[in-house]
1. When you go through (1) among the hydroxyl-bearing types (Ser, Thr, Tyr); (2) under 20 Å from Gly109 (Cα atoms); (3) open to solvent by less than 20 Å² (accessible area, probe 1.4 Å) one by one for Thr16, which number turns out not to apply?
2. Among what's in segment 19-36 and is part of a loop (DSSP other than H, G, I, E, B) and either of a type in the set (Val, Ile, Thr) or within 21 Å of Ile122 (Cα to Cα) (or both), pick the residue that is least open to solvent (accessible area, probe 1.4 Å).
3. Restricting the search to segment 88-107, which residues are closer than 20 Å to Cys78 by Cβ, touching a Phe, Trp or Tyr at 6+ places or on another chain (Cβ under 8 Å) and open to solvent by 10 Å² or more (accessible area, probe 1.4 Å)?
4. Just the residues that are of a type in the set (A, V, I, L, M) and closer than 16 Å to Ala58 by Cβ, please, taken from segment 1-24.
5. List pairs: first in segment 108-127 and open to solvent by 50 Å² or more (accessible area, probe 1.4 Å), second modelled with pLDDT under 85 and not hydrophobic (A, V, I, L, M, F, W, C), Cβ under 8 Å, 6+ apart or cross-chain?
6. Filter segment 37-51 down to the residues that are open to solvent by 20 Å² or more (accessible area, probe 1.4 Å) and either of a type in the set (Gly, Ala, Ser) or not in a strand (DSSP E or B) (or both), then identify the one that is nearest to Val105 (Cα to Cα).
7. From Gly136, Gly95, grab the single residue that is in contact with a strand residue (DSSP E or B) (Cβ under 8 Å, 6 or more places away or on another chain), on the phi > 0 side of the Ramachandran plot and either of a type in the set (Gly, Ala, Ser) or modelled with pLDDT of 90 or more (or both).
8. I need the full set of residues from segment 74-106 which are more than 16 Å from Leu63 (Cβ to Cβ) and among the basic types (Lys, Arg), in order please.
Amino acid sequence: LIRAIEAKNAFELLKTLLRMQKKYKKIQFIIVNAHGEKNYIKLGIQSSITIEDFRSEAITKKLKEMLNEHAQIVLLSCSTGAPKGIGEEIGKKLGKTVIAPETPVYIKGIKTDISGDAPKFIVTFFDEKQNSETDGAKYIN
């Protein structure tokens, strides 16, 4: 079962995820499609989820409770997989695999392996500056 949601800020996103978790149990994966930079993911016109948000124990504890043990997080947000950026911080704090591009890119394709306890994603990004494909950064915890 796949549910798509939109959120204009981090509070609305967390509130919606909580509501979904109560209805559908543990979340098996999260794919975020938004503009991004090394230290933030942009939501809506004037709101962002920042690297600092994931340094908050209250937020990370709640998110950990919502996620399936093998959940994977895919950030389709430019530069969020840069070293010491938000993708790495999310992986470290939640103990989950995070896939995110290290540079400004566009998505070339997503493949899914559904043979295990939770879907696993293989994402291919395309970096126009380098004129090459990349798998992005993968933080595995």
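1. In the conditions (1) among the hydroxyl-bearing types (Ser, Thr, Tyr); (2) under 20 Å from Gly109 (Cα atoms); (3) open to solvent by less than 20 Å² (accessible area, probe 1.4 Å), Thr16 misses (2) alone.
2. Initial filter on segment 19-36 (part of a loop (DSSP other than H, G, I, E, B)): 25-26, 34-35.
Of the ones still in play, those that are also either of a type in the set (Val, Ile, Thr) or within 21 Å of Ile122 (Cα to Cα) (or both) are 34-35.
On the way: Ala34: 23, His35: 149 Å².
Ranking the qualifying residues of segment 19-36, first place goes to Ala34.
3. Glu88, Glu89, Thr97, Val105, Tyr106, Ile107
4. Within segment 1-24, the subset of a type in the set (A, V, I, L, M) is 1-2, 4-5, 7, 10, 13-14, 17-18, 20.
Residues satisfying the conditions are Ala10, Leu13, Leu14, Leu17, Leu18.
5. Taking only residues 6 or more apart or on different chains, the pairs are Ile122/Asp135.
6. Within segment 37-51, the match that is nearest to Val105 (Cα to Cα) is Lys38.
7. Values: Gly95 fails: in contact with a strand residue (DSSP E or B) (Cβ under 8 Å, 6 or more places away or on another chain).
Going through Gly136, Gly95 in turn, the sole match is Gly136.
8. Lys84
The values are calculated or read from the model by the stated rules, or taken from the named source; none is laboratory data. Every value quoted in this text rests on a predicted model; they were computed, and no experiment measured them. Note that we place each Cβ from the backbone using ideal geometry, even for glycine, and neighbour counts take in every protein chain shown. Keep in mind that these areas ignore ligands, DNA and RNA; they rest on the heavy atoms of the full protein, side chains included. Shrake-Rupley method; radii C 1.70, N 1.55, O 1.52, S 1.80 Å.
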